[in-house]
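The block underneath contains the structure these notes are about, expressed in structure tokens.
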Amino acid sequence: MTKQEALFSYTLRLGDNALILGHRLSEWSSKGPLLEEDIAMTNMALDLIGRADAMLKYAAQVEGKGRTEDDLAYKRGERQFLCNLIVQLPNGDFGYTIARQLIMSAFDLCLYEELVKSKDETIAAISAKAVKEVKYHLKFATDWTLRLGDGTEESHQRIQKSFNDIWMYTGELFEMNEVDAILIKEGIAVDLNSLKARWKKIMTEVLLEATLTVPADAYMQTGSRKGVHTENLGYILAEMQYLQRAYPDAKW
Amino acid sequence: MESTNNLEKFQTIIDADTKIEPKDWMPEDYRKHLIRQISQHAHSEVIGMQPEGNWITRAPSLRAKLILLAKIQDEAGHGLYLYSACETLGISREELIDQLHTGKAKYSSIFNYPAVTWADIGAIGWLVDGAAIVNQISLQRTSYGPYSRAMIRICKEESFHQRQGYEIMGKLALGTPEQKEMAQDALNRWWWPSLMMFGPHDSDSPHSGKAMTWRIKRESNDVLRQRFIDKTVQQAEVIGLKIPDDKLKWNEAKGVYEHGEINWEEFNQVINGNGPLNKIRLANHISAHENGAWVREAANAYAAKQKKEVLVA
Ligand SMILES: [Fe+2]
Ligand SMILES: [Fe+2]
């Protein structure tokens, strides 16, 4: 694998995570528990899809085959996507979405605060913007974890169950492969192992304050780094890519 | 007391074009009329998110998706401003939502039509927001202060909505034959309902009398509708689409477009609950509200605990 191939794969991974998580959040439009929360969900979706747009644009440029960010978003199949399994999961109830958002926002904060120092200027610039946005996402998810965890008996049980159910998808966030090895050497990527402790610390602090239990690290799901995804991803892409695929000659 | 003295004073304030503020004396009917109109307006912003939201996950480019998300987010924000304006009249948000769910409060009938193709997203922005702007610009001069200020804020964002819709339509109209057909079809379906958004002709408008005297409404339905037609017909010509009205023609003497007869039977059917999606739009809103009940309860319980802690501390 060349450095260029590694960088293409890495930017796809970052872009796809933002795109698919943004897609899931955008599904909350008109479904939020309060109009204010509806707005907040849309706002995070906007940040994430904006980040995906920037990251995929850069991926297309790195690849150098004349593809655009839209080609990458709309014309790749399931096995070519590199997003983590966790972002593909259906939204569940509001608490499940909040649990996933806390996990992802804490992870993204740890990741992008390091990537700001990347030797790749484009990644560093996108990361600087991401850090500002992610801080807000993390605050939103933290506030709601506290309210739900330390709210009513029902909300406590619901969100505890959500964290328990989703926990097996967290291990994969830290998996690395040849792509990481090459780019860490170049000072472009970060060693994901080095983020683990801080991520765990954020999660533990928030969950304990919310009177919740941090789930045990049992068996973890895996697959996305090899393009082996959840069954949900196919449906997401079928919906997202429908117009581009149905009218291949059209420009939008 | 609604003494003649108070009423006269009130009318003098209105006639001087001074804004009425929440703490000022106002006739009960003025308050009622405002609650009805502002809440209907707020509910329209919120229910209007549904037809457009229907296309967020299928928007055909990342740029289009971002623009649509931003637009829908604006509409939710408009809903919030308007609920707040309405609350200054002494009614709570919960009561307003309840009135929507029981059918006591209405929202604009236009949102009971389906957004069936991507071109509908263009048509909604161009025509529905375009019609809304004409109405809202006029309402910036409404006599109730909080409503007027909400309109001024909202109008700043609305022109972007109309432009993004027109841009979508323009792209489709200049695209492949299939895209052009999609655009024309959307215009055909949304044109007449957009004209109906302005309400019945002035000669059959039941609420207009007092609303005009009290300057809640500043211009009549027909005047506003005509303004919308005149600006939109030209925009259609620019992108090569045809307005679906054989009787549409330029009247040189009056300087306006004459138009064909609006189907008021359809208008009344949709208002009375028989539009394609009346039941579904409302059911969606109710189910989101009910699914969120445990979340709102948790938030209230948490807030109460925090308050206690502050008191104890
Ligand atoms: Fe609006
Ligand atoms: Fe709008």
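Things to note:
- Filter result for B:Ala236 (among the small types (Gly, Ala, Ser) and within 14 Å of another protein chain (Cβ to nearest Cβ)): no
- Some residue of segment B:116-125 being within 16 Å of ligand 1 (Cβ to nearest atom) and of a type outside the set (Gly, Ala, Ser): yes
- Test: residue in segment B:135-151 that is under 30 Å from A:Asp249 (Cβ atoms) and part of a loop (DSSP other than H, G, I, E, B): no
- A:Leu115 vs. criteria modelled with pLDDT of 95 or more and over 30 Å from B:Lys307 (Cβ atoms): yes
- Count of residues meeting criterion [out of contact with any Phe, Trp or Tyr (no Cβ under 6 Å at 6 or more places or on another chain), within 7 Å of chain A (Cβ to nearest Cβ) and not acidic (Asp, Glu)] in segment B:292-303: 7
- Output for segment A:37-55, where each listed residue is surrounded by fewer than 24 Cβ atoms within 10 Å (Cβ to Cβ), more than 20 Å from A:Ser127 (Cα to Cα) and facing chain B (nearest Cβ under 7 Å): A:Ile39
- Some residue of segment B:190-197 being within 16 Å of ligand 1 (Cβ to nearest atom) and not in a helix (DSSP H, G or I): yes
- Yes/no for B:Gly53 being closer than 29 Å to B:Gly122 by Cβ, within 16 Å of ligand 1 (Cβ to nearest atom) and free of Cβ contacts under 8 Å to residues at least 24 places away in the same chain: yes
- Yes/no for B:Lys217 being touching a residue at least 24 places away in the same chain (Cβ under 8 Å) and crowded, with 17+ Cβ neighbours inside 10 Å: yes
- Considering segment B:121-168, and only residues there that are among the basic types (Lys, Arg) and touching a residue at least 40 places away in the same chain (Cβ under 8 Å), the residue that is farthest from ligand 2 (Cβ to nearest atom) turns out to be B:Arg141.
- Tally of residues being more than 13 Å from the chain's Cα centre (by Cα) and either within 14 Å of B:Ala132 (Cβ to Cβ) or not aliphatic (A, V, I, L, M) (or both) across segment B:52-76: 12
Residue by residue, here is whether (1) modelled with pLDDT of 95 or more; (2) crowded, with 22+ Cβ neighbours inside 10 Å; (3) within 22 Å of the chain's Cα centre (by Cα); (4) among the aliphatic types (A, V, I, L, M) holds:
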{"site": "A:Leu146", "(1), (2), (3), (4)": "yes, no, yes, yes"}
{"site": "A:Arg158", "(1), (2), (3), (4)": "yes, yes, no, no"}
{"site": "A:Asn164", "(1), (2), (3), (4)": "yes, no, yes, no"}
{"site": "A:Phe174", "(1), (2), (3), (4)": "yes, no, yes, no"}
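- Applying the set (1) within 30 Å of B:Thr18 (Cβ to Cβ); (2) in a loop (DSSP other than H, G, I, E, B) to B:Lys254 leaves exactly one unmet item: (1).
- Positions within segment A:204-252 being touching a Gly at 6+ places or on another chain (Cβ under 7 Å) and facing chain B (nearest Cβ under 10 Å), in sequence order: A:Ala210, A:Ala250, A:Lys251
- Residues in segment A:169-198 that are among the charged types (D, E, K, R) and either in contact (Cβ under 8 Å) with a residue 24 or more places away in the chain or not in a helix (DSSP H, G or I) (or both): A:Glu172, A:Glu175, A:Glu178, A:Asp180, A:Glu186, A:Asp191, A:Arg198.
- Per-region count, segment B:107-120, residues within 12 Å of ligand 2 (Cβ to nearest atom) and within 14 Å of another protein chain (Cβ to nearest Cβ): 1
Conditions (1) acidic (Asp, Glu); (2) outside any helix (DSSP H, G or I); (3) farther than 25 Å from B:Ala64 by Cα, marked per residue:
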{"residue": "A:Asp53", "(1), (2), (3)": "yes, no, no"}
{"residue": "A:Ala60", "(1), (2), (3)": "no, no, no"}
{"residue": "A:Lys65", "(1), (2), (3)": "no, yes, no"}
{"residue": "A:Asp71", "(1), (2), (3)": "yes, no, no"}
{"residue": "A:Gly92", "(1), (2), (3)": "no, yes, yes"}
{"residue": "A:Ile103", "(1), (2), (3)": "no, no, yes"}
{"residue": "A:Ile123", "(1), (2), (3)": "no, no, no"}
{"residue": "A:Ile126", "(1), (2), (3)": "no, no, no"}
{"residue": "A:Val131", "(1), (2), (3)": "no, no, no"}
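- In this structure, B:Ile72 qualifies as free of Cβ contacts under 8 Å to residues at least 24 places away in the same chain and within 14 Å of ligand 1 (Cβ to nearest atom).
- Exactly one residue among B:Ser159, B:Ser148 is buried (at least 16 other Cβ atoms within 10 Å of the Cβ), more than 13 Å from chain A (Cβ to nearest Cβ) and within 16 Å of ligand 1 (Cβ to nearest atom), and that residue is B:Ser148.
Rundown of residues vs (1) at the interface with chain A (Cβ under 7 Å from one of its Cβ atoms); (2) farther than 26 Å from B:Glu21 by Cβ, yes/no style:
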residue	(1), (2)
B:Glu45	no, no
B:Gly48	no, yes
B:Glu52	no, yes
B:Thr57	yes, yes
B:Ile67	no, yes
B:Glu75	no, yes
B:Tyr81	no, no
B:Ala85	no, no
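Residue-by-condition table, conditions (1) in a loop (DSSP other than H, G, I, E, B); (2) under 23 Å from B:Phe111 (Cα atoms):
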position: B:Asp222; (1), (2): no, yes
position: B:Glu237; (1), (2): no, no
position: B:Ile262; (1), (2): yes, yes
position: B:Pro276; (1), (2): yes, yes
position: B:Asn284; (1), (2): no, yes
position: B:Trp294; (1), (2): no, no
position: B:Tyr302; (1), (2): no, no
position: B:Gln306; (1), (2): no, no
position: B:Val310; (1), (2): no, no
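- Between B:Ile216, B:Ile154, the distinction of being among the β-branched types (Val, Ile, Thr) and in a helix (DSSP H, G or I) belongs to B:Ile154 only.
The values are calculated or read from the model by the stated rules, or taken from the named source; none is laboratory data. Keep in mind that what you see is a predicted model, and the values were worked out from it rather than measured. Every residue, glycine as well, gets a Cβ built from its backbone with ideal geometry; the counts of neighbours run over all protein chains shown.
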